[in-house]
Amino acid sequence: MLTLVAVGALTAIGFASVYISLESQLSTGSLGYAVFFFGLYLAAHVVARIAVPLADPYLLPIAGLLSAIGLTEIYRLGPRDAFRQGLWVVIGVAVFAAALLWLRRDYRAIESYKYLFGLGAILLLFLPLAPGIGQTVNGARLWVHVGSLQFQPGELGKIALIVFLAAYLREKREVLAQGRLKDWGPLLVIWGGAMLVLFATDDLGSALLYYGVFLGMLYVATARIAFVAAGLGLFLAGAAAVYQGTPHVRDRVLNWLQPWTTHKIYCPVNGQMAFRQDCQSYQEVQSLYSIAHGGFGGTGLGNGTFTTAAGHQVIPDVSTDFIYSALAQELGLVGAAALLMIYMVFVLRGFRVALAASDGFSKLLAAGLSFGFALQTFVIVGGILRVIPLTGITLPFVSYGGSSVVSNFLLVAGLMLVSHRANRGAA
């Protein structure tokens, strides 16, 4: 409870700072978001105390803090987007509460439906390829558009994939060590699926995330580093083949290796000759400038520079793919590092839940959820900082995006269900 009060206070200070900076005045209306979401998380806390009273007490407050940081920065970048993001947070908390109440008796019942989860994961991953509803954004086909609703089904597919892997690896962990091909069949399908996702959707980040989760859970299940090395080799070989045949993936890698050029090259955006930093790698370069501008202490909330004199965004899609760059500019190295520390604490709590779990399915489920959360954070932050090629996935709880918010609240619910059962058994 006290941690939620601290989260509410930090949210109120953040919103007040942004409002004062933007409007040059203090208004009680600017604190409406903080008060409303404190009440929302308080209700979620009450549901958690009823459904899973022995669960880890820090997971929900950390999720609340991360979503508050994201909502505050989105509000600073665009109040209209903040309202929509706020609605998705409400939906995410409702889904979180429903999952806890529905599965509080024994969440392990979902293990019996592992193949349905596996099939559902495949369908969700490839749903953006369906004609009529699939949509390409920034060169990657990851979105589904139905009426006024636009979402990324792959976010929910990630959760379904983790459930399937936890159940399948728990059942086959011993025979997998024997290396019989028939037992590796479903797992080889996952490798092929990851390559198809990479080839069909032109999205390196999603393929890396899904396949990385698979390798991480495979290592937890078998403790065989050789399997992980072989799987990584297969992925690199497949990625190299896709690199040769997919221009979008090739451009992402070139933008990573050579974001600046000293001579003009052909720009496919406008069909003219231009420097790479003014065309294909424009977003990445402007993002790096934004981080550098923040320095050690940052410019302060609301004082960053994200629009030109004409009102255009300096960094396109700043509230989705590059919100970490915006936070790094306004909070500086100190604030950006503190944000990563919050993610590290969440992942640490998740792995502690996995270690405390008493059965194989629960251990693998908690480990998979925690590793997936950590890997997704690394992939997007690593891409922004040029550690790896840039991808278009979201920063959990912080980036603008409804499907990501809902799936991550489901992730928190899963960890709390496992934590409650582990602590109940230890009591």
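Side notes on the structure shown:
- Cα-projected label distance for Arg49 with Ala337, points at 7 Å along beta-carbon direction, nm: 3.7 nm
- Packing-based order for 337-345, 278-286, 318-326, using average beta carbon neighbours within 10 Å, highest first: 318-326, 278-286, 337-345
- For the chain, the tally of Lys pairs with Cα-Cα distances below 23 Å comes to 8, considering only residues 8 or more apart or on different chains.
- In terms of its alpha-carbon gyration tensor, the stretch 216-321 comes out oblate; a/c meets the 1.5 threshold, while b/c is at least as large as a/b.
- Placing +1 on the Cβ of every Lys and Arg and -1 on the Cβ of every Asp and Glu, with nothing else charged, gives the chain a dipole about its Cα centre of roughly 1020 debye.
- Across the stretch 102-117, coupling constants 3J(HN,Hα) worked out from phi with the 6.51/-1.76/1.60 Karplus curve, θ = phi - 60°, read 6, 9, 5, 5, 6, 5, 5, 4, 5, 4, 5, 10, 4, 6, 5, 5 Hz, and Gly and Pro carry x.
- A helix-only calculation puts the chain at -23500 deg cm²/dmol for mean residue ellipticity at 222 nm, using -39500 (n - 2.57) for each DSSP H run of at least four residues, averaged over all residues.
- Sites listed here are trypsin sites (Lys or Arg not before Pro) in the stretch 55-137 whose DSSP assignment is loop and whose Cβ has at most 11 other Cβ atoms within 10 Å: Arg105.
- When the Cα gyration tensor is reduced to axis lengths a ≥ b ≥ c, the ratio a/c is 1.5 or higher for the chain, and with a/b not above b/c it is classed as oblate.
- Overall, the accessible surface of the chain at a probe of 1.4 angstrom is composed of carbon and sulfur to the extent of 67 percent.
- Amide H partners (placed H, <5 Å) of Cys267, local residues excluded: Gln272, Met273, Ala274
- Calculated accessible area for the chain comes out at 44 Å² per residue, all protein chains present (probe 1.4 Å; ligands, DNA, RNA ignored).
The values are calculated or read from the model by the stated rules, or taken from the named source; none is laboratory data. If you're wondering where the values come from, they're calculated on a predicted model, not measured in any experiment. Positions of Cβ are backbone-derived with ideal geometry, glycine not excepted, and every protein chain shown enters the neighbour counts. Accessible surface areas use protein heavy atoms only, side chains included; no ligands, DNA or RNA. Shrake-Rupley method; radii C 1.70, N 1.55, O 1.52, S 1.80 Å.
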